[in-house]
Amino acid sequence: MFSTHERASATLLLLIVLSAGARNRAMSRQGVDPAALPEGEGKTILVRACTDCHDLGTVVAKRLTPKQWSDVTKDMIVRGVQAKDAEIATLIEYLTINVGHVNVNRATEAELRTYGGFAAAEAAAIVPARAKGQTFDTLDDLKALPAIDAKSLDDRKDRIAFKDR
């Protein structure tokens, strides 16, 4: 039989081990080191406004378009996030540039350049092709345009979408 002191020590040790495991699981789920995100006002707002309810991994895993980020932030404001209009605009821009994507079948030339990393000549080739009825369903469809740099397109494929997600 264990003494009261031995039981208390074993219980305390078990609680310490369980809490350390829970902390490690939470850090693993987060999956994003805030220091790895680009510095700037947007990051400061992201950490302040979003991490009370979400871990950064949940936020940055979404890869949304500017409109989708706007819709998400509007929903979060309804749910109680405290941020000024200018902060929200900065946050949407930061998220879209750093962890967003652009729908090449809907985006303007400016959005293609800013959010998709397309060069001016590439964006200028995509929009008129769409105006003539062309749609893009794959990276290969985009690569068929003479102005597209196939290598750089492959490097940023995670920022490109062909449909709204």
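Here, each number is a calculation from the coordinates, and none is a lab measurement. Everything numeric here is computed off the predicted structure, so don't read it as measured data.
Please list, in chain and number order, the residues 5+ apart from I160 or on another chain whose amide H is under 5 Å from its amide H, with Hs placed from the backbone.
When sequence neighbours closer than 5 places are left aside, the close amide H contacts are V102.
If you take the square roots of the eigenvalues of the alpha-carbon gyration tensor of segment 102-161 and sort them as a ≥ b ≥ c, do you get rounded (a/c under 1.5), prolate (a/b over b/c) or oblate?
rounded
Can you tell me which aspartates and glutamates have their Cα less than 18 Å from the Cα of K132? Leave out same-chain residues fewer than eight positions away.
Cα-Cα hits under 18 Å: E109, E122, D141.
Taking 31 Å as the cut-off for C-alpha to C-alpha distance, list the pairs among K43/K67; K84/K143; K84/K157; K74/K151; K43/K157 that go past it.
K84/K143; K84/K157; K74/K151
Whole Å is fine, so just give me how far the alpha carbon centre of segment 65-79 lies from that of segment 113-152.
Result: 27 Å between the Cα centres.
Work out Dmax and Rg for segment 58-165 from the C-alpha atoms and quote the Rg first, both in angstrom.
Using the Cα atoms of segment 58-165, the pair Rg, Dmax is 14.9, 48 Å.
If the chain between T58 and K84 were fully stretched, how many nm would it gain, using 0.36 nm times the residue separation less the Cα-Cα distance?
Extending this stretch completely gives an extra 7.1 nm.
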